[in-house]
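Participant: Let me begin by handing over the structure; questions about it come next.
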There are 2 protein chains.
Amino acid sequence: MAIEKITSLQNPRVKQLVRLRDRRPRDEAGVFLVEGYRELRRALDKGVRPTELYVAPEWFQGENEPALITQAEAAGAQVFELTKAVFAKVAYRERPDGLLAVAPQWRRTLQDLEPILAGSGLNPGSAAPAASAPFLLVVEAIEKPGNLGTLLRGADAAGVQAVIVCDPVTDLFNPNVVRASTGVLFSVPVVVAASAAVRTWLRAKKIRAVVTTPAAQTLYSDENLRGPLAVVMGSEQYGLSDFWLKESDAQVRIPMAGQADSLNVAMAAVITLFEAVRQRGA
Amino acid sequence: MAIEKITSLQNPRVKQLVRLRDRRPRDEAGVFLVEGYRELRRALDKGVRPTELYVAPEWFQGENEPALITQAEAAGAQVFELTKAVFAKVAYRERPDGLLAVAPQWRRTLQDLEPILAGSGLNPGSAAPAASAPFLLVVEAIEKPGNLGTLLRGADAAGVQAVIVCDPVTDLFNPNVVRASTGVLFSVPVVVAASAAVRTWLRAKKIRAVVTTPAAQTLYSDENLRGPLAVVMGSEQYGLSDFWLKESDAQVRIPMAGQADSLNVAMAAVITLFEAVRQRGA
C-alpha cells in the first residue's frame, strides 16, 4: 500500500493530532491517541482497530516496527509517514518512538457487565465458588489521569472482572491514562457511570459495596471480602463522598503507621484488592 | 535579619542551584535540594537544617510562607529573595511555589540501625512480640528516583523500622526521590549499602530475608512473615539479582491475574509489606 508522506507542520492532520490531546476535540471526534510501540502492540493484540497510524522511522528504537505497522494496516489503519520534526510536534511524549495511532473510543455501560459477570456467580442461584464471584473495583471522582491508569493496572493484577469509574474528573481516553495503564485500558472492562446508578445496580445484583475510609472502625483484613464484592475507593484529594460513605455495606480502613498521606489511592486500592484475592483463595 | 536579593541569572548562587540537580555536584558539595512548601515544612519538622533558603514571594501560593521562612531561619538557614524570573530558572518543578532550600546530606550505615532495632526484639533473648520484631524493606538496584520515593512512602505506611537500599542506580538525594517520597525521606531511616554487606548483616542479626520473585512456588500470603523480617524487592527492569535469589531464606510470589507487568515494584512491595503487617497483627 502506498504510504502518504507528511512533511509540513501546517498539514491539517498534524493540527488535528495536537488537538486530540484535549478532551473536547477527542470526544467530539469519538477517537483517542495511542502512542508508543508497547501501547500500540497491546491495543492491536486486544482488538483495538486504529483508523490512522502515523509513523516516523527516524524515531524508531528497534527492528519490530514494520511488523507492527503491517498488523495495524491489517486491522484497517491508514498509514502516514512523518518527518522527524513533524513527528516531534505530534508526539505527546518527550522521547517519542515514532508510532502514534488514532483509534475509536468505546463506551461500556453497566448492562454490558452482565454477560461478563454472568459466568462468575452473579446469578444468586448459581453455585459459583467464592473465587469466581463478582469482584469489581469502583473508583470515585479520580482527578489525575496517571492515578487512574495505575489503578487500572492494580485492578488487572488482582483479577477484577471490571472497573467502574464514577463521576470521573479525568476522562478514560486521556493520553496519560493510556500510558499509565500500560495497555490495561484495552483489556480490563471499564464502565463510566454516575455514582447513584452504580449503587442501584450493585444492590440489584446483590454485590456488596465495601468502602475504604480512614474513619472506619474495621480493619480491611478483618472484613469478609469473599462473595460478590465491589471495593470502592475515593478521590485522591477528598476521599469518598458522603454518598458512598452513607450507602456502603461495610466500611474498612487500612492501618497507617506513618505520615497520613503515605498511601496514595492506587496503593490503598491494591492493598485492599489483594487482601480480597487472598481471602477468596484465587 | 536583612535578606539578600538576587536579581541576576548570572549570580553564582543561581548557577550552583542549577548544578545541584545533578548527582556529582550534589555529592561533592554534600548537600541536596528541598523544593516546595510541603517538602520544606516536613524537612524542618523532622529536624533537617537547611543552610540556605531561596524564596520568591511572587510564586507563593498561600499565606503560610512567612512562618515557614522564620522556621527555616531559626534552624540556621540564610535566606535569599529571588525575582520571579530568577526563581523560575532555579526551580526544578514546572510550577514552582517560590521555596527552594539547600540542606546537608546525611549517611546512615547498617550499624546506625542497631539502636533503632534494639527496642524491637533484635536481641535474640528479648521477648518482644511479633508486631515489634525487626521489620525492614530491602530494595536492590532501583533505577527510577520516582519509584524509590514511592517505595519509601509504602514502607512508611507499613511501619517498617528502616529501608535498606542496595547498590542503587539512583541516589537518595535526587530531587525526584525527595518529591515522590512526600517527605518520608526525612523520617524513615534509609541506609545505602552493598548487597553482600547487607546479607551478612541480616544473617548476623537473625533477620530472615524473604525475597519476591515471580518464579517462586510459595504465595506471599502462605509464607510466615512474622518475626524478624526483611522483605527484599528487585529492580524495576531486571527483578532480583542471582545473589539475592541464592541467598534468600524464602522466596515468595504475588499471584498475577493480568498482564505480566501490571504490578510495578512499589505496588508489589506494598502488597507484601501489608500482608506482613496483617500477619504480625500490628
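Participant: Which of B:34, A:14 comes first, and how do the rest follow, when ranked by fewest Cβ neighbours within 10 Å?
Facilitator: A:14, B:34
Participant: Provide an ascending nm list, one decimal, of label-point separations from residue B:30 to the equivalent residue in each further copy; define each label point as 7 Å from Cα along Cα→Cβ.
Facilitator: Ordered by increasing distance: 6.7 nm.
Participant: What distance in nm separates the simple spin-label points at residue A:83 and residue B:94, each placed 7 Å from Cα in the Cβ direction?
Facilitator: 2.7 nm
Participant: Please compute the average number of Cβ atoms from other chains found within 10 Å of each residue's Cβ in peptide A:249-260. All intermediate terms of the calculation are to be shown ahead of the outcome.
Facilitator: Working: counts 0, 0, 0, 0, 0, 5, 7, 4, 11, 13, 11, 1.
If you average over the peptide's residues, the count of other-chain Cβ atoms is 4.
Participant: A further question on this structure: Within chain B, what percent of beta bridges assigned by DSSP are antiparallel, to the nearest 5? Show your work: numbers first, answer last.
Facilitator: On the way: 10 of 40 bridges.
Just about 25 percent of them are antiparallel.
Participant: Using every pair of alpha-carbon atoms in the stretch B:4-104, split the distances into 10 Å bins beginning at 0 and state the percent of pairs per bin, rounded to integers.
Facilitator: Result, from short to long distances: 16, 53, 29, 1 percent.
Participant: Can you give the percent of C-alpha pairs in the protein assembly as shown whose distance is more than 38 Å? Please list the in-between numbers first.
Facilitator: Details: 60741 of 158766 pairs.
Counting pairs separated by more than 38 Å, the tail of P(r) holds 38 percent.
Participant: Still on this structure, I have one more. Among the aspartates and glutamates, which have Cα under 17 Å from the Cα of residue A:205 when same-chain residues fewer than 8 positions away are ignored?
Facilitator: Qualifying aspartates and glutamates at Cα under 17 Å: A:112, A:114, A:247, A:249.
Participant: Based on the alpha-carbon gyration tensor of the stretch A:200-267 and its eigenvalue square roots a ≥ b ≥ c, which shape applies: rounded if a/c is under 1.5, prolate if not and a/b is larger than b/c, or oblate? Spell out each step's value before the answer.
Facilitator: Numbers: a/c = 2.22, a/b = 1.55, b/c = 1.43.
Here the stretch A:200-267 falls in the prolate category.
Participant: Could you give the longest part of chain B that holds none of the GluC sites (Glu not before Pro) found in DSSP loops with at most 10 neighbouring Cβ atoms within 10 Å?
Facilitator: Working: sites that count: B:63, B:94.
The reported range is B:95-282.
Participant: If I histogram all Cα-Cα distances within chain A using bins 10 Å wide from 0, what percent of pairs lands in each bin?
Facilitator: The calculated distribution, bin by bin, is 6, 27, 30, 19, 13, 4, 0.
Participant: For label points placed 7 Å from Cα toward Cβ, what is the shortest-first list of nm distances from residue A:255 to its copies?
Facilitator: With the label placed 7 Å along Cα→Cβ, residue A:255 yields 2.3 nm.
Participant: Taking square-rooted eigenvalues a ≥ b ≥ c of the alpha carbon gyration tensor, is the stretch B:61-110 rounded, prolate or oblate, where a/c under 1.5 means rounded and, failing that, a/b exceeding b/c means prolate?
Facilitator: Numbers: a/c = 2.12, a/b = 1.41, b/c = 1.51.
Oblate, because a/c is 1.5 or more while a/b does not exceed b/c.
Participant: Among rounded, prolate and oblate, which fits the stretch B:113-280 when a ≥ b ≥ c are the square roots of the eigenvalues of its C-alpha gyration tensor, a/c under 1.5 means rounded, and a/b larger than b/c means prolate? Spell out each step's value before the answer.
Facilitator: Working: a/c = 1.45, a/b = 1.12, b/c = 1.29.
Rounded.
Participant: I would also like to ask the following. Structure shown: which of A:89/B:89; B:5/B:144; A:144/B:246; A:15/A:144; A:89/B:5 lie over 29 Å apart, alpha-carbon to alpha-carbon?
Facilitator: The pairs that break the limit, which is 29 Å between Cα atoms, are B:5/B:144; A:144/B:246; A:89/B:5.
Participant: What is the gain in length, in nm to one decimal, between residue B:203 and residue B:257 on full extension, counting 0.36 nm per residue of separation less the C-alpha to C-alpha distance? Don't jump to the answer; show the numbers that get you there.
Facilitator: Details: separation 54, 0.36 × 54 = 19.44 nm, distance 3.42 nm.
Result for the pair: 16.0 nm of gain on full extension.
Participant: Between copies, how close do the residue B:5 label points come, placed 7 Å along Cα→Cβ, listed in nm from shortest?
Facilitator: Copy-to-copy label distances for residue B:5: 5.7 nm.
Participant: What's the center-to-center distance, using Cα atoms, between the stretch A:61-123 and the stretch B:226-282 in Å?
Facilitator: When both Cα centres are located, 32 Å separates them.
Participant: Spin-label point model (7 Å from Cα, Cβ direction): what's the residue A:111 to residue B:73 distance in nm?
Facilitator: The answer from the label model is 6.8 nm.
Here, each number is a calculation from the coordinates, and none is a lab measurement. Computed from a predicted model, the values in this text were never measured in an experiment. Virtual Cβ from ideal backbone geometry, glycine too; neighbours counted across all protein chains shown.
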